[in-house]
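The values are calculated or read from the model by the stated rules, or taken from the named source; none is laboratory data. In this text the structure is predicted, and so the values were computed from the model without any measurement. Cβ placement follows ideal geometry from the backbone for every residue including glycine, while neighbour counts extend to all protein chains displayed. Surface accessibility is based on the protein's heavy atoms, side chains included, excluding ligands, DNA and RNA. Shrake-Rupley method; radii C 1.70, N 1.55, O 1.52, S 1.80 Å.
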Amino acid sequence: MAPHIIQFDSVLSDKGSKYAVSGAKASTKAEADAVLKALVRKKKYAKATHNTWAVLLDQDGQSLPVKNDDGESGAGMVILRMLEREELLNHVIIVTRWYGGTKLGGDRFRHVQTCVRHYLDHLEPRNA
């Protein structure tokens, strides 16, 4: 069964780079991987420069952080920290970036935060 993915396309753009954010329930790393795999079946997401993601898995009452920067060094940790602050377990969030040709420096981390905040603000209360 395919995971139910919540998607927000075109959350923001800066200097040609475009960002989107997606997510779904995932209680194991394999489920998080399945969400990403389902997302990149869409040609648009398969062609993205980065599909950075993170999830806090509930493992016997302990939270197990799992992340993947997908070449956007440090971005997975930004997502992970926001999940920890929200105490959102078993929900993978993926921030997608299409590189626009101009390096963004530290702004890219603010953009990742903006995308995750957008996702969290539109998530059903404790729809984790």
In deg cm²/dmol, rounded to the nearest 500, the helical mean residue ellipticity at 222 nm of the chain, built from -39500 (n - 2.57) for every DSSP H run of length 4 or more, is -10000 deg cm²/dmol
When the charge dipole of the stretch 83-128 is computed with +1 on Lys and Arg Cβ and -1 on Asp and Glu Cβ about the Cα centre, the Cα farthest towards its positive end, among Leu120, Ile93, Phe109, belongs to Phe109
Convex hull around the C-alpha positions of the stretch 30-72: the volume in Å³ per residue is 54 Å³
For the stretch 21-104, the dipole about the Cα centre with charges only on Cβ (Lys and Arg +1, Asp and Glu -1), to the nearest 20 debye, works out at 640 debye
Carbon and sulfur atoms account, in whole percent of the 1.4 Å probe accessible area of the chain, for 49 percent
The answer for Gly100, listing residues at least 5 apart or on another chain whose modeled amide H is closer than 5 Å to its amide H, is Ser17, Lys18
Judged on accessible area alone, 1.4 Å probe, highest first, Glu31, Glu124, Glu87, Glu72 line up as Glu87, Glu124, Glu31, Glu72
By the Cα gyration tensor axes a ≥ b ≥ c (a/c under 1.5 gives rounded; else a/b larger than b/c gives prolate, otherwise oblate), the shape of the stretch 54-128 is prolate
Semi-axes of the chain from the Cα gyration tensor (sqrt of 5 times each eigenvalue, largest first, whole Å) come to 23, 16, 13
